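Working notes for the structure below.
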Amino acid sequence: RLRAVNDKIISLDYKSKVSAAQVANTHAKQEIELAVASALPAVGDSLLQALGYLPYVTVSKLRTPYTSPRWPGITIDWDNVESIGMFVELEALVASAEDIPAAE
């Protein structure tokens, strides 16, 4: 996924798929985020196409992030997704797989 803000790419992200068996045990999935120094979206598109990927869907949203002293280490994002509606995402980042049970 290419993540862009104000028509500049800020990161190239990978999120693993989660199988049904994995979901039964945990909602965690591997994520890798590579920061990018404000590249144009066309450059990112060219890179992904050179790697064999094709555009699938573009999601435009307005994100409002929140943090709470009550839940340190957890981010709460309120997304207004164009043509779809409102969503809330709760995320806890962990350093290793051993930290997942405590985060859940």
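Taken as a whole, region 35-51 holds no residue that is surrounded by 11 or more Cβ atoms within 10 Å (Cβ to Cβ), modelled with pLDDT under 75 and within 25 Å of Ala97 (Cα to Cα). When you look at Arg3, is it assigned to a strand (DSSP E or B), at pLDDT 80 or above and touching a strand residue (DSSP E or B) at 6+ places or on another chain (Cβ under 6 Å), yes or no? No.
Each row is one residue, and each column tells you yes or no for (1) part of a strand (DSSP E or B); (2) modelled with pLDDT under 80; (3) open to solvent by less than 70 Å² (accessible area, probe 1.4 Å).
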| residue | (1), (2), (3) |
| --- | --- |
| Val18 | no, yes, yes |
| Leu62 | yes, no, no |
| Trp71 | no, no, no |
| Asp79 | yes, no, yes |
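Across region 82-102, what is the total count of residues that are assigned to a loop (DSSP other than H, G, I, E, B), under 18 Å from the mean Cα position of the chain (by Cα) and either touching a residue at least 40 places away in the same chain (Cβ under 8 Å) or exposed (fewer than 10 other Cβ atoms within 10 Å of the Cβ) (or both)? Before the answer, list the steps.
Going through region 82-102, the residues assigned to a loop (DSSP other than H, G, I, E, B) turn out to be 82-84, 93-96.
Next, from what is left, pick out any that are under 18 Å from the mean Cα position of the chain (by Cα): 82, 84, 93-96.
Narrowing further to those that are either touching a residue at least 40 places away in the same chain (Cβ under 8 Å) or exposed (fewer than 10 other Cβ atoms within 10 Å of the Cβ) (or both): 94-96.
Number of matching residues: 3.
The values are calculated or read from the model by the stated rules, or taken from the named source; none is laboratory data. These numbers were taken from a predicted model, which means no experiment stands behind them. Please note: Cβ atoms are built from the backbone with ideal geometry, for glycine as well, and neighbour counts cover all protein chains shown. Surface accessibility is based on the protein's heavy atoms, side chains included, excluding ligands, DNA and RNA. Shrake-Rupley method; radii C 1.70, N 1.55, O 1.52, S 1.80 Å.
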